[in-house]
Amino acid sequence: MLLPLVRHGLTPITGSLLTGRLPGIHLSEDGNRQAKEVAERLACFPVKAVYSSPLERCVETAEPIAARQRLEVQTVDDLAEVDYGDWQGKQMQRLYKLKVWSQLQAHPAEFRFPNGETIREAQTRGIRATEAMLARHPRHAVVVVSHADMIRLILAGYIGLGTDLYQRITVGVASVSALLLGNRVPLLLRVSDTGSLEELNKRLKPPAAARENRRKAAPGRAGAPMAKPGKPGGKGAGGP
């Protein structure tokens, strides 16, 4: 399964507040433009399904992608933002000054946000969601629209990066990261990409040589070996 992971576009408060799961946070004008641009970038290959966090900013980013592919957005609760508990809606500058902020940076995996969840719990549900998609669409492209932390945690989980180190991955707004799942090992194809995705299309097609070999081996197909002509004067080709 080819899995492009899209972070939602800009909102009016991106970067200033720990938005978390606050309701009613919509894309800004720039965010809506970014969503349309991502939809065009992903139009270079066929997408089987578009899944999204249920939060408005993600659904609004997913809608142009789904429309471009003539699909409906399917929301998945497990793709929602980390539950930051009492920190949700707080100014980032104030959170940076908390004594426990250094603990979060040093050992985030088991850090529990006050009245919220741990980073590891968030990662577990994110991987659970993608594994369900892999079981449903093993040979197709499936787009996921989610949040920076959730995408970083999914990427870290599949490439074997310890959860305490997930913050070493950067995921920009309206960027595309991509995994190839279902082979012997997961492959990381893109991280926070904002350029062309044409190259990813090749991951959905068998190699040209393999296709050619199958074509030649198919009986009765053009290109299959021809029957040898009969001996002169016999009943083969050219005989009476």
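Restricting to the stretch 150-194, what's the tally of residues that are under 25 Å from Thr118 (Cβ atoms), among the aliphatic types (A, V, I, L, M), surrounded by fewer than 15 Cβ atoms within 10 Å (Cβ to Cβ) and out of contact with any Leu (no Cβ under 7 Å at 6 or more places or on another chain)?
Looking only at that region, the number is 1.
Can you tell which of Leu5, Leu10 is in a strand (DSSP E or B), within 30 Å of Tyr96 (Cα to Cα) and within 21 Å of the chain's Cα centre (by Cα)?
Leu5
Taking the stretch 91-137 as the region of interest, how many residues are among the hydrophobic types (A, V, I, L, M, F, W, C), open to solvent by less than 20 Å² (accessible area, probe 1.4 Å) and free of Cβ contacts under 8 Å to residues at least 40 places away in the same chain?
Summing the residues that are among the hydrophobic types (A, V, I, L, M, F, W, C), open to solvent by less than 20 Å² (accessible area, probe 1.4 Å) and free of Cβ contacts under 8 Å to residues at least 40 places away in the same chain in the stretch 91-137 gives 3.
Looking only at residues that are within 14 Å of Met150 (Cβ to Cβ) and in a helix (DSSP H, G or I) in the stretch 63-90, which one is most open to solvent (accessible area, probe 1.4 Å)?
Applying the filter and picking the extreme gives Asp77.
Testing Ser192 on (1) modelled with pLDDT under 85; (2) touching a strand residue (DSSP E or B) at 6+ places or on another chain (Cβ under 7 Å), one condition comes back false. Which one is that?
Unmet condition: (1).
Say whether the condition of being outside any loop (DSSP other than H, G, I, E, B), within 25 Å of Leu2 (Cβ to Cβ), in contact with an Asp or Glu (Cβ under 6 Å, 6 or more places away or on another chain) and of a type outside the set (S, T, N, Q) is met by at least one residue in the stretch 46-54.
no
The values are calculated or read from the model by the stated rules, or taken from the named source; none is laboratory data. All values reported here derive from a predicted model rather than from experimental measurement. All Cβ positions, even for glycine, are placed from backbone atoms using ideal geometry, and neighbour counts span all protein chains on display. Accessible surface is based on the protein model in full, side chains and every heavy atom, while ligands, DNA and RNA are left aside. Shrake-Rupley method; radii C 1.70, N 1.55, O 1.52, S 1.80 Å.
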